[in-house]
Amino acid sequence: MMSITRRTILKMFGGVAAGSIISPLPWKLIADGTIWTQNWSWMARTLRGPISTKFTTCTLCPEGCGVRVRMVGENPVSVWAQQNHPVSRGTICPIGLGAAQLRFHPARIERAIQRNGSGRGNAWTPIATETAIAETGKILAELRASGKCDGLAVLDLRPGRAISDLYTDFLKLAGGGQYLTIPSGRDLSGTVFKEMADDLAGAPGYDLLHSRMILSFGAPLYDGWTGAGPVPELALRLTGIRAGNPPGVIQVEPNQSPTAAKAGRWLAIKPGTETTLALGLAHVILDEELYNKDAGPAVLDLEDGPQPGFRSYVRHFTPQRVSDITGLAPQVIAQTARDLAHQQPSIAIGAGDAGGGPLGSGEEAAIWGLNCLLNGLGRRGSILTRPALPASVGKDSALKHPWTLEPRSIWDLPDESIHLLIADGANPGFAWPKQLLERKLAPSARIVCLTPFLSGIAEMADLLLPTPAPGEWLEDIPPQILAMKNTYGLAPSINPAPSFALHPGTILANIAIAAGLQPPGASGDEAVERRIQDRIEALYNSGRGGIFDPAATEIKPSNELRDAEELRAILNRGGCWIDQAEPVPVTSFRFFGKEGRMRPAIECVTNGRLELLTVSEKEYPLILMPHGSSGIAGGGAVPPVLTKLHRESNLRPFPAQAQINPATGRKLGLKNRSSGELSTPAGSLQVWILFNESVMPGVVRVATGPDPVSLGDLKSGKGPDILQLCAITERSVRRVSRAALRMI
Ligand code: SF4
């Protein structure tokens, strides 16, 4: 009998190893296994097809950057910046870069869904689209039958688009109702300007490109603050002018934000004291007679009239008084005023930011007054007044269509007045307090949201109807608020919408039919197409401006085009119309507005916005300041690749992180990186305490977004909403609130 020794076993293993190398079987098994595991049904497949490039415009936020899309067959696979585009000049933001992925976002809605119960926190359940539309039509019919058509509202978060015309047409067909929007900080700034300017047939715009000095009241210039277009040129310019003495950019902000860190000078004012500082700067400029005597006084009411003149009003804002309120040294205030006056043209800008929200009417009025004193209006490098766009004439009516159908601010509505709210799901690019919208809803109100994603306003809705994602339908991009020049672009569909997605115009038409109404003419893409054609013809017929063609290097004057069809063709291939019209003159600019209507808004904040809060400082020793970046602050879907970047890089703070100065944290007995409870009189939230040297002592900073749903994490729900805790002091102004923070 053969004995098995260690030597035998080693020989056997050696033989097997040698045999395996010679035999084809194991190699075949490895190869087959590899192929097999790469072909599981759930694995992503590499797309096959001809590779091509399409030029278009990004519609993920209102900025309208020019983009170049790489296509494989009919599928967009990557998005890049379009060189020389007049709005974006070869740059796009990280959200735009990931745009090709958005149609696969986990928050994409692939069928109609409704809330399980009456509460807005409940889970979703599918519903047949026809049933959802029929039920909405029934509510509309009941409102009409009971004479409560005013209880119908359409909320358009990006008014001025061709689809916006369809919303107003729907309301006309329904026989009433409210066309609403949620104003951004820029909207509020523009509204205040119009209240101060007499007979302005246009809109104000910042000419940041040609300013020698920019005084920014908290605008995140280096951190995704766009909309003053052309943005990248501005970024280059800011980089070029921020160094030196005097500095090119002065940032006025309590915390050392990325913009404050990069600016040539950072003025760390106490929270909520922007109005006082702007008036204090005007005081020095007037006192030392540093203003442009040919420009400012020509329009600004410097001397007393029915209302106190600007000169006598700012007389009380001496550097010492302003220093006591803002915390800045009197010499710094005086020097900043002198620098602004000597570095002509200079410009002061407000408009708030995407997370912190609007500055407030008083702040904006003081900033506009300072600008007007420095430079007057319509001067290169300062405040320009863009003319209105040429009105279009509808093909099927003799009526002129103005471009911007002025929606009403939702904050102006009486509480509990909305019974049926139809909301457009476009990402406005900024955060807004949801609790204010809740207040406007009647107890049994229903929110129907037309949206591709389950994020943003969709998280508040009762019923969601899926619409095409950006890039799957034809959209247009009107000029931005406070932009230097009027522009107009198109975003044609670059890949077909999936069968479950219905065009918002088609949904509206079907709701109207379900309510027993007869919508006239075309709906959906065809109706949008006609509106866009009207607009293009109006642009062409005006002979104004020029057209940028991605295929050419120069902007071609519009009056050299053959016809409107040529203009349309260039826009369709990713071009952009840009106005060259001169600024319209403003004959009179009143600091207190028409009939002194701005006076209460200004006077209530001259000692700082914190004065408006009646909360005990002892009980709430901190000042809560929300903040956020454009595009991600307000709940817009974030491309999946960026969700990974957000979670792993910590480049951006999350809404649950309460950032506090280490000295303040230690004084309050808090520990860095610990769980805490942030509370205000409006409620409390569980947060993660983070010490951060860049936060002003006494302040707690919390980001408004991105929330987990925007990042594609549907299981975690919408996450903490910091704006629920904020004190609203004027419409949606919530930059400062009293708060307390403790460890739990
Ligand atoms: S998301 Fe907005 S800023 Fe970003 S690329 Fe698109 S349009 Fe431009």
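The values are calculated or read from the model by the stated rules, or taken from the named source; none is laboratory data. Every value quoted in this text rests on a predicted model; they were computed, and no experiment measured them. Cβ placement follows ideal geometry from the backbone for every residue including glycine, while neighbour counts extend to all protein chains displayed. Side chains are part of the model used for accessible areas, which takes the heavy atoms of the whole protein and leaves out ligands, DNA and RNA. Shrake-Rupley method; radii C 1.70, N 1.55, O 1.52, S 1.80 Å.
The residues packed around W473, meaning those with a beta-carbon under 12 Å from its beta-carbon, carry a net charge of -4 if Lys and Arg are +1 and Asp and Glu are -1. Summed over all non-identical Cα pairs, the Kirkwood treatment of segment 562-672 gives a radius of 21.1 Å. For the chain, the longest principal axis of the Cα atoms and the long axis of helix 330-342 meet at an angle of about 90 degrees.
Please give the FRET efficiency for N607 paired with T191, using the beta carbon to beta carbon distance and R0 = 35 Å, rounded to the nearest 0.05.
Step by step, r from the Cβ atoms, then E = 0.90.
Using a 10 Å cut-off on Cβ atoms, rank the peptides 324-337, 376-389 from the highest mean neighbour count down. Before the final figure, lay out each step's value.
On the way: 324-337: 18.4, 376-389: 20.6.
Going by the mean number of other Cβ atoms within 10 Å, highest first, we get 376-389, 324-337.
For the chain, the solvent-accessible area works out to 42 Å² per residue, with a probe of 1.4 Å and every protein chain left in place. The trypsin sites (Lys or Arg not before Pro) of segment 540-580 that DSSP puts in a loop, and whose beta carbon has at most 10 other beta carbons within 10 Å, are R562. Seen from all directions on average, segment 620-674 presents a Cα convex hull projection of 4.9 nm².
May I ask you to compute the full-extension gain from T5 to Q518, defined as 0.36 nm times their residue separation minus their alpha-carbon distance, rounded to one decimal in nm?
Working: separation 513, 0.36 × 513 = 184.68 nm, distance 9.48 nm.
Between T5 and Q518, full extension yields an extra 175.2 nm.
Dividing the helix sum by the residues of the chain, where each DSSP H run of 4 or more adds -39500 (n - 2.57), gives a mean residue ellipticity at 222 nm of -9000 deg cm²/dmol. Over segment 595-744, the fraction of Cα-Cα pairs per 5 Å bin, rounded to whole percents and listed from the shortest bin up, is 2, 9, 17, 21, 17, 15, 10, 5, 3, 1, 0.
Report the calculated FRET efficiency for D412 and A388 (r = Cβ-Cβ distance, R0 = 35 Å), to the nearest 0.05.
FRET efficiency, D412 to A388: 0.95.
Taking 26 Å as the cut-off for C-alpha to C-alpha distance, list the pairs among K262/K671; K138/K440; K667/K718; K440/K715 that go past it. The partial results should precede the final answer.
Numbers: K262/K671 29 Å; K138/K440 21 Å; K667/K718 33 Å; K440/K715 29 Å.
Listed pairs above 26 Å: K262/K671; K667/K718; K440/K715.
Normalised Debye scattering of segment 531-594 at q = 0.24 Å⁻¹ gives log10 I(q)/I(0) of -0.97, counting only Cα atoms as equal scatterers and leaving out solvent. Rg and Dmax over the alpha-carbon atoms of segment 1-140 stand at 29.1, 96 Å. The calculated Kirkwood hydrodynamic radius for the chain is 27.8 Å, given to one decimal from all distinct C-alpha pairs.
Size descriptor for segment 274-381, Kirkwood hydrodynamic radius: 14.0 Å (Cα pairs only, one decimal). Given a 1.4 Å probe and the protein chains as shown, T487 ends up with an accessible area of around 20 Å².
Coupling constants for segment 168-174 follow from the phi torsions by the Karplus curve (6.51 cos²θ - 1.76 cosθ + 1.60, θ = phi - 60°), and in residue order they are 5, 4, 4, 5, 4, 5, 6 Hz; glycine and proline get x.
Rounded to the nearest Hz, the phi-derived 3J(HN,Hα) couplings of segment 22-35 under the Karplus curve 6.51 cos²θ - 1.76 cosθ + 1.60 (θ = phi - 60°) are 6, 6, x, 4, x, 5, 5, 5, 4, 4, 4, x, 5, 4, where x marks glycine and proline.
On full extension of the chain, what length is gained from E303 through V332, given 0.36 nm per residue of separation minus the C-alpha to C-alpha distance? Don't skip to the answer; put the middle values down first.
Details: separation 29, 0.36 × 29 = 10.44 nm, distance 2.73 nm.
Fully extending the segment from E303 to V332 adds 7.7 nm.
Partners of K54 within straight-line reach, counting lysines whose Cα lies under 23 Å from its Cα and excluding those fewer than 8 residues away in the same chain: K556.
Ignoring any ligand, DNA or RNA, what whole percent of the accessible area of the chain comes from carbon and sulfur when the probe is 1.4 angstrom? Walk me through the numbers on the way to the answer.
Values: 16850 of 30990 Å².
Whole-percent figure for carbon plus sulfur exposure: 54.
Taking R0 as 45 Å, what's the FRET efficiency between D150 and H210 from their Cβ-Cβ distance, rounded to 0.05? Numbers along the way, then the final one.
Working: r = 46 Å, r/R0 = 1.03.
Approximately 0.45, to the nearest 0.05.
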